Amino acid sequence: MILLLWACNTEKVDTTDETVVEDTAQIVDTGIEEDSNTDTDTDIPTDTGTEEVEEPEPAQIVRFVAMGDGGEGNDTQYKVAEALKTVCDAKTDDIVDGCEFALYLGDNIYDIGVESVTDQQFYDKFEAPYAEIDFPFYVVLGNHDAGCWGAGCELYKTEYEVDYTHYSDKWTMFDQYYRFDVEHVTLFGLDTNAIMWDPWLSSGDDQDVWFDSEIGSALDWKIAFGHHPYISNGQHGNAGAYEGLDWLDWAVADVPLGTAVKDFMDARVCGQVDVYFSGHDHNRQWLEPTCGTEFIVSGAAAKTTDLQGRGNPTKFEDDRTAGFMWVEI
């Protein structure tokens, strides 16, 4: 598996980061293992005078991008979309398109989500910026999509984003959490909002059961994507200690913020999923593998915020340049 991070700025695609990450990508499991078993059968096959040559299996290649926190409708979102198209066009060959789809990692509509499936914001903050992109976006929910900003949440708004799937040629959100398969890859779109608020609303129980029932039939590569990170050096930080603010411990009934997200990841993602993509922090990080899984933050689709230095070792991190991640499996 090769994972490449691409950046963009207001002028052009910044390819400097590609070289940096290609170097570090060599330590990622390529999915090819040397067979350590030795054939001890010494029988000599009978020579029939003919030889059958098996046709090789066609290569299974999946290419996609991952990015989140894009729902601004601002100039940066347009510039990232322009760079995205440039990269995807350049990566296209006679085997497969340069980008077959996007993982859209939440906070799709700032600041407090939408009011209906016909809300103008769907056009201004999604359709218009990505008008030149012709592949599907597989979307998950962020906290702003659930109206969680300031004094509370308006969770009913999330249904409008699910329903918008029937109104758009690009926006694809089968449910608040879902699975889809492409070639030899299974992808799990998670609703980390529901997991986040589970200790108080019991909103994540069904998702636990669903994931446990699906992971056993997943294909060779297992990818999960959601909004909230497991580990991050950004402003929001690590699950179980989001924001790094001690007062949140008692403000939400003695449960540190993000504890349920951490518990879900520990029990179900760690060691069972190859890569977990998230947003929430508005920068790009490829963190050193933890608990048998790669964790990647790609939340810079429309803006950037500073890294805070939460102590997590990284292969790559950048908070200066908006951008996205391009992936080939």
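The values are calculated or read from the model by the stated rules, or taken from the named source; none is laboratory data. Predicted, not measured: the structure shown is a model, and the values here were computed from it. Neighbour counts run over all protein chains shown; Cβ positions are idealised from the backbone, glycine included. Keep in mind that these areas ignore ligands, DNA and RNA; they rest on the heavy atoms of the full protein, side chains included. Shrake-Rupley method; radii C 1.70, N 1.55, O 1.52, S 1.80 Å.
Please list, in order, the residues from the range 300-329 whose amide nitrogen is less than 18 Å from a point placed 7 Å along the Cα→Cβ vector of Q60.
Taking a point 7 Å out along Cα→Cβ of Q60, the residues of the range 300-329 whose backbone N falls under 18 Å are 327-329.
Indicate, rounded to the nearest 5 percent, the antiparallel portion of the DSSP beta bridges found entirely in the range 161-224. The partial results should precede the final answer.
Details: 5 of 9 bridges.
Counting DSSP beta bridges with both partners in the range 161-224, the antiparallel share is about 55 percent.
What distance in nm separates the simple spin-label points at F180 and E115, each placed 7 Å from Cα in the Cβ direction?
About 3.0 nm, to one decimal.
Could you tell me which of rounded, prolate or oblate describes the range 287-329, using a ≥ b ≥ c as the square roots of the eigenvalues of the alpha-carbon gyration tensor, with rounded for a/c under 1.5 and, failing that, prolate when a/b is larger than b/c and oblate otherwise? Intermediate results must be reported in sequence, preceding the final value.
On the way: a/c = 2.65, a/b = 1.20, b/c = 2.20.
Cα axes put the range 287-329 in the oblate bin.
Carbon-plus-sulfur fraction of the accessible area of the range 203-329, 1.4 Å probe, in percent? Numbers along the way, then the final one.
Details: 2150 of 4620 Å².
Within the range 203-329, the accessible surface is 47 percent carbon and sulfur.
Out of the total accessible area of the range 133-174 (probe 1.4 Å, heavy atoms of protein only), what percent is carbon and sulfur? Provide the component values of the computation, followed by the final result.
Working: 970 of 1930 Å².
Ligands and nucleic acids excluded, carbon and sulfur reach 50 percent.
Measuring from label point to label point, each 7 Å out along Cα→Cβ, what is the D220 to A131 span in nm?
The two pseudo-label positions are separated by 4.0 nm.
Along its three principal axes, how long is the range 66-137 when you only count alpha carbons? Whole Å, largest extent first please.
43, 22, 18
When DSSP assigns beta bridges and you keep just the ones with both residues in the range 264-329, what percent turn out antiparallel, to the nearest 5? Numbers along the way, then the final one.
Values: 8 of 12 bridges.
Roughly 65 percent of the DSSP beta bridges within the range 264-329 come out antiparallel.
Per residue, how many Å² of accessible area does the range 184-238 show with a 1.4 Å probe? Write out the running numbers ahead of the final one.
Working: 1790 Å² over 55 residues.
Each residue of the range 184-238 exposes 32 Å² on average to a 1.4 Å probe.
Per residue of the range 209-221, in order, report the coupling 6.51 cos²θ - 1.76 cosθ + 1.60 (Karplus, θ = phi - 60°) as ³J(HN,Hα) in whole Hz, putting x for Gly and Pro.
Values, residue by residue: 5, 4, 4, 4, 6, 8, 4, x, 9, 5, 7, 4, 9 Hz.
Roughly what % of DSSP beta bridges within the range 101-199 run antiparallel, to the nearest 5?
Values: 5 of 10 bridges.
The answer is about 50 percent antiparallel.
Restricting things to alpha carbons, find the Rg to Rh ratio for the range 172-329 using the Kirkwood radius for Rh.
On the way: Rg = 15.3 Å, Rh = 16.0 Å.
Checking Rg against Rh, the ratio lands at 0.96.
Taking 7 Å along the Cα-to-C-beta vector as the label spot, tell me the D306-C291 distance in nanometres, rounded to one decimal.
Taking the two extended label points, one gets 3.0 nm.
May I ask you to derive the FRET efficiency for T165 and D206 from their Cβ-Cβ distance with R0 = 25 Å, giving the value to the nearest 0.05?
0.80
Got a sec? Which residues in the range 180-211 would a label at C270 touch, if it sits 7 Å along Cα→Cβ and we count backbone N under 18 Å?
From the range 180-211, the list is 196, 208.
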